[in-house]
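Novice: Could you have a look at this structure, given as structure tokens, before my questions?
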Amino acid sequence: MDNSELQDNRFSPDRTAALIAVLIAFFGIPATISGVATIIPNLSSVLAVSLSQVQWVITSFLLCSAGMTVVFGAIADSRGKRRVFLFGIMLLSSASLASAFLTDYAALVIARSIAGIGAAALLATGPAVLNALFDGHRQMSVFAMFGTAIGSGLALGPVLAAFVATRFGWQSVFLVQAAFFAAAGVAMAKSAVPETGNPTAPSMAISHLLIRFAATISLFFVLIEGPSLGLGNPSVSGALAIGLASVLFLFIMHRRRRTADREEARGINLGYWGWCLSAIFPSLTFFVILLYMPTYLIVVHGLGEVEASYRMAALTAPMVVFPLLTKPGLKLGLPPFLILALACLTVLTGIGLFLGNAAPLLLSLALIGAGSGITFSLTDMQALRHIERHQTAKAAGIINTVRLGSEAVAAALYGSVFWLFLLKWSNDNPSALTRLGDTTAKLKALSALAAGKLAENVPAGILRTAYDFAFHHTVFVMFCLALTVITGSLSLIRSGREAVRIGAA
């Protein structure tokens, strides 16, 4: 790299301000998702709704974020990344502020949906801003920080939210979020992001993207609510019809594209799709363990909440350190493909050791956290290297649609699979719950157990055995899905590399 290139990539005040804004945003959004989950019981009592209903405070945020990122990415590519980022900050901060003062269930869900739309604007533009401002070794450094921000937000969100809510009330969680994102807006306002948009892009594309939003949010709704409500439920069947109709429309429009566009998508962009697919892997592994391992420790191991949180530090602490190791590995000449494979192998090894009770739990958690931290710092940077710079915001939007959508689906899938294994344990051990009497009472006891509560009139040891059985088998299912996903991801990345090599020749 020559002197002019180094000068181009220096951490000037403008670039530093943009970097700080993106890091704040990408710490804050995962922290919002994982942190709000800790105040769900408080919200349930305040809003006078069931725990299953109040989950929509989180789900609405996830769905709107996942559904709108591609839309905002296309808008940012044509109208400017900085402008769209600031618009997202305005929505997210305002909706978070409003959420602190709402005690009506429907109003709060609407506010969190608006917050999710604002988050989508940040998710689409953040990686694209970093990609536009930095190259070479500097880009490796900032994306390592980027990965640390994502992982730290997911890991520390519950701790910070619990601390704030315990001392100042659940409303303070949303107030802190509003202030946090406003700080990101101030930093971005002081930056100067080069805008290379294409204002002449056809407006028809935006309408197509809105239809894509309808397809995304409808199909995610079916995946999340379908297992519990059933496909015969009017809302689920209606969402499925809307989703399939939208997908059919998009397929027809895709068929009308030029052959050259289709060839490009099949060829060099295979690498991009491979890296996109790799964003699903942490959702099936790290995200599931982060959400559900504390309850496992409390129910099965009999730990208190504080002690369980200390054990979880083995999972979360590596997320602060290991994303920073990506840059040295790349500078040494290790292929990104190999680093991803080794990181995912580390995660799968940690889960395998847990499933086989072959190592201390803390070691298993540390391996999962370490490998996941590396994937967070690698995925976005490598995916965007396959994309022309004038399309990076839309491409970043697709990555984060996959990431957020897969987190929502992974959480819903875990719940469904866990319930099936609880029922299997109950059927395999009919005498264990006989003292509860009829089937309704047994199902009620199992439902309580699925929520991490021990039922009355049943020995704690029996229910802990049931929970342990269901948890281990559910994690094994997630392990198999994650292995399938990363195998497909690595295959696509490798095919993309071959396509680039053939194209260059």
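The values are calculated or read from the model by the stated rules, or taken from the named source; none is laboratory data. Worth saying up front: this structure is predicted, and the values here are computed from it rather than measured. Ideal geometry is used to build each Cβ from the backbone, glycine not excepted, and the neighbour counts take in all protein chains shown.
Novice: Tell me, please, whether a residue that is surrounded by 24 or more Cβ atoms within 10 Å (Cβ to Cβ) and either in the same structural domain as P323 (by TED's automatic domain parsing) or assigned to a helix (DSSP H, G or I) (or both) can be found in region 358-365.
Specialist: yes
Novice: Something else: I'm trying to understand the selection: among the residues of region 403-426, which are among the hydroxyl-bearing types (S, T, Y), crowded, with 19+ Cβ neighbours inside 10 Å and within 12 Å of L223 (Cβ to Cβ)?
Specialist: If the condition is that a residue be among the hydroxyl-bearing types (S, T, Y), crowded, with 19+ Cβ neighbours inside 10 Å and within 12 Å of L223 (Cβ to Cβ), then S406 is the only one that fits.
Novice: Scan L122, L97, L133 and give me the residue that is at pLDDT 90 or above and either in the same structural domain as N400 (by TED's automatic domain parsing) or within 20 Å of Q391 (Cα to Cα) (or both).
Specialist: Of L122, L97, L133, the one residue that is at pLDDT 90 or above and either in the same structural domain as N400 (by TED's automatic domain parsing) or within 20 Å of Q391 (Cα to Cα) (or both) is L122.
Novice: Another one. What's the total number of residues in region 76-118 that are among the acidic types (D, E) and closer than 23 Å to V164 by Cα? Please lay out each step first, then the result.
Specialist: First pass over region 76-118, keeping only residues among the acidic types (D, E): 77, 104.
Of the ones still in play, those that are also closer than 23 Å to V164 by Cα are 104.
Here the count works out to 1.
Novice: I'd like to check something: does region 287-295 contain any residue that is surrounded by fewer than 16 Cβ atoms within 10 Å (Cβ to Cβ), assigned by TED's automatic domain parsing to the domain that holds A412 and modelled with pLDDT of 80 or more?
Specialist: no
Novice: Residues that are more than 21 Å from I493 (Cβ to Cβ) and at pLDDT below 85: find the helices (runs of 4 or more DSSP H) completely inside region 296-349 holding 1 or more of those. Show your work before the answer.
Specialist: Values: elements: 305-316, 318-321, 326-331.
Ranges flagged: 305-316, 318-321.
Novice: Would you confirm whether or not region 472-487 contains a residue that is aliphatic (A, V, I, L, M), in the same structural domain as A343 (by TED's automatic domain parsing), touching a Cys at 6+ places or on another chain (Cβ under 7 Å) and modelled with pLDDT of 80 or more?
Specialist: Looking through region 472-487, at least one residue is aliphatic (A, V, I, L, M), in the same structural domain as A343 (by TED's automatic domain parsing), touching a Cys at 6+ places or on another chain (Cβ under 7 Å) and modelled with pLDDT of 80 or more.
Novice: Among the candidates F101, F143, F85, single out the residue that is at negative phi and outside any helix (DSSP H, G or I).
Specialist: F101
Novice: A further question follows. Of all residues being touching a Ser or Thr at 6+ places or on another chain (Cβ under 8 Å) and either farther than 21 Å from M90 by Cβ or at pLDDT below 70 (or both) in region 179-199, which is surrounded by the fewest Cβ atoms within 10 Å (Cβ to Cβ)? Just the residue, please.
Specialist: Applying the filter and picking the extreme gives P199.
Novice: If you check T379, T346, which single one turns out to be among the polar types (S, T, N, Q), within 30 Å of S218 (Cα to Cα) and in contact with a helix residue (DSSP H, G or I) (Cβ under 6 Å, 6 or more places away or on another chain)?
Specialist: One residue alone meets the criteria, T379.
Novice: Conditions first: (1) touching a helix residue (DSSP H, G or I) at 6+ places or on another chain (Cβ under 7 Å); (2) in a loop (DSSP other than H, G, I, E, B). I374 passes all but one, so which condition is the exception?
Specialist: (2)
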